[in-house]
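First comes the structure, then the notes that go with it.
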Amino acid sequence: MADLPNNAKYVIVGGGAVGCGVAYSLAKAGEKDIVLLEREPTVAAVTSSQAAGLVGQVRSTVDRVQLAMWSVKTFSALQEDQEANPAWRQVGSLRLALNDQRVAEFEKLKSVADEAGLGVQFIDNATAKKKWPLLNFDAVKAALWCPTDGYLQPYDLTMAYVTHARRLGVAFCPSTNVEEILVEDGQVQGVATDRGTIESPIVINAAGANAYHVAKSVGIELPIIPVRHSFFVTVHSDGLHPDMPVVRIPDIRLYLRPETNALLAGGWEPKSLALDVNTYEIDSPTPPLEDDWDVLGEFGADLSPYVPKLDELGVRGVFKGWPTFAPDGRFMIGESCRVKGFVMAGGCNAHGVSGSAGIGRHVVESILEETPSEYVRSLSPDRFTETTWDWETATEQAREIYSNYYAIGH
Ligand SMILES: Cc1cc2nc3c(=O)[nH]c(=O)nc-3n(C[C@H](O)[C@H](O)[C@H](O)COP(=O)(O)OP(=O)(O)OC[C@H]3O[C@@H](n4cnc5c(N)ncnc54)[C@H](O)[C@@H]3O)c2cc1C
């Protein structure tokens, strides 16, 4: 186990994709004296290792598209390293519309992508079917193709960040549980852990489903709400191979991709389940999560008209976790004006793996730039004050955002 230093310029709490992405981004920007603390014996042990690894750049605002484009650029650069890469497969993505309203939404998404400089195009069903012969395209009214999208392996991505950040001098301390953030006169002083105290003027909160508790430790209540998400992977099947694109069918709230020669399928359950953050503490993990076969069965039933072969395929694994949502569906990035040195990197809204490089970049911008961009400032945790939100409404909003993840115009 790495020795715990007595002090550091930056302490990052949480070794998921986001914390490790932030560590890598800070080190890459030339910053030194960075320590990352992770409660589990290894990084990516909690939500990040459960993710499907989809990387989608087609989003509803130019800033958000460009954040995702930065992530893709980073993944492609990391992929060049033979020893430590994210297993990034730039296989493209297909977004399928089943009704006219959705087609109109795709047209809007395309114009946002055009403005952001992201290449996307409509392709006809015959061309799309060549990319995914197992899919039934009879009901498909439009197919939007993004050739630079793809998928990666979340654990590999996190380990790639760790390896590259270590080479740049970042210290990683697993099996270290942060119990309290130390604050004096409105300025962060350091962290208290089960292995001792580290003095530090800057603490970055990348604690995933514990991010609420970490913020509360400095006296700030932030609406960071864990909402359950899951997907299944089938047994191997003929007709599937790893270079097939990611597919999203928003009208049935589902996504799919090849996982080697098997099918990975997940979705956004209409009656989402939020976790009450008051049922666990800063230094304890989220309560255990069971497989919900009613929900997974519905995913299968909704998907089978489009992938008729699905009915023949057994399920070999279920992945699940508690990604966190902000009630406005946006990332929470940057220093709080209420506690100097307390920086947020969270509220990932179920795209924290794909967003991790872009989030890292924006955390760096928020800390190092004298005048961060308007977009970065708009992601500040300061948008949530005690008078602007309450738990009941925020939880309902987070659940809504989850369930309507693929809502028209989202
Ligand atoms: C089933 C599923 C599928 C998903 N699919 C995708 C996808 O395809 N694409 C995508 O981009 N995203 C996806 N996501 C979302 C993605 O997994 C999350 O947004 C992302 O993992 C969040 O990363 P994180 O680093 O913030 O959180 P985590 O990975 O949970 O990391 C937080 C870390 O903080 C540590 N920690 C907490 N408290 C403390 C403490 N007190 N002291 C020390 N350490 C602490 C935890 O142990 C944990 O390791 C999916 C999520 C799920 C559950």
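The values are calculated or read from the model by the stated rules, or taken from the named source; none is laboratory data. Since the model is a prediction, treat every value here as computed from it, not as a measurement. Ideal geometry is used to build each Cβ from the backbone, glycine not excepted, and the neighbour counts take in all protein chains shown. Protein only, heavy atoms only, side chains kept; ligands, DNA and RNA dropped before computing areas. Shrake-Rupley method; radii C 1.70, N 1.55, O 1.52, S 1.80 Å.
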Quiz item: So which residues in the stretch 39-53 are open to solvent by less than 20 Å² (accessible area, probe 1.4 Å) and either among the acidic types (Asp, Glu) or at positive phi (or both)?
Solution: Ala44, Gly53
Quiz item: Residues in the stretch 75-91: is at least one free of Cβ contacts under 8 Å to residues at least 12 places away in the same chain and either within 15 Å of the ligand (Cβ to nearest atom) or on the phi > 0 side of the Ramachandran plot (or both)?
Solution: no
Self-check item: Residue check, Glu386 surrounded by fewer than 23 Cβ atoms within 10 Å (Cβ to Cβ), more than 16 Å from the ligand (Cβ to nearest atom) and assigned to a helix (DSSP H, G or I)
Solution: no
Quiz item: Based on what the data block shows, is Glu31 touching a strand residue (DSSP E or B) at 6+ places or on another chain (Cβ under 8 Å), touching a residue at least 12 places away in the same chain (Cβ under 8 Å) and surrounded by fewer than 21 Cβ atoms within 10 Å (Cβ to Cβ)?
Solution: yes
Exercise. Give Pro250, Pro223 a once-over and let me know the one that is buried (at least 20 other Cβ atoms within 10 Å of the Cβ), within 30 Å of Pro174 (Cβ to Cβ) and away from the ligand (no atom under 14 Å from the Cβ).
Key: Pro223
Practice problem: Could you list, in sequence order, all residues of the stretch 389-410 that are in a loop (DSSP other than H, G, I, E, B) and either open to solvent by 60 Å² or more (accessible area, probe 1.4 Å) or at positive phi (or both)? | Solution: Asp390, Ile408, Gly409, His410
Practice problem: With the condition kept exactly as written, say whether any residue in the stretch 251-262 is more than 22 Å from the chain's Cα centre (by Cα) and among the aliphatic types (A, V, I, L, M). | Solution: yes
Quiz item: Do any strands (runs of 3 or more DSSP E) lying entirely in the stretch 264-367 carry at least 3 residues that are buried (at least 20 other Cβ atoms within 10 Å of the Cβ) and not aromatic (Phe, Trp, Tyr), and which ones are they?
Solution: 332-335, 342-346
Quiz prompt | Residue satisfying condition, being of a type outside the set (D, E, K, R), within 14 Å of the ligand (Cβ to nearest atom) and farther than 27 Å from Pro226 by Cβ, within set Thr193, Thr197, Thr176 | solution = Thr197
Self-check item: Qualifying positions in the stretch 226-246 - part of a strand (DSSP E or B) and either closer than 29 Å to Ile333 by Cα or more than 15 Å from the ligand (Cβ to nearest atom) (or both)
Solution: Pro226, Val227, His229, Ser230, Phe231, Thr234, Val246
Quiz prompt | Residues within the stretch 10-28 that are in contact with a Ser or Thr (Cβ under 7 Å, 6 or more places away or on another chain) and open to solvent by 10 Å² or more (accessible area, probe 1.4 Å), tallied | solution = 2
Practice problem: Would you tally the residues in the stretch 135-162 being open to solvent by 40 Å² or more (accessible area, probe 1.4 Å) and either more than 15 Å from the chain's Cα centre (by Cα) or not charged (D, E, K, R) (or both)? | Solution: 9
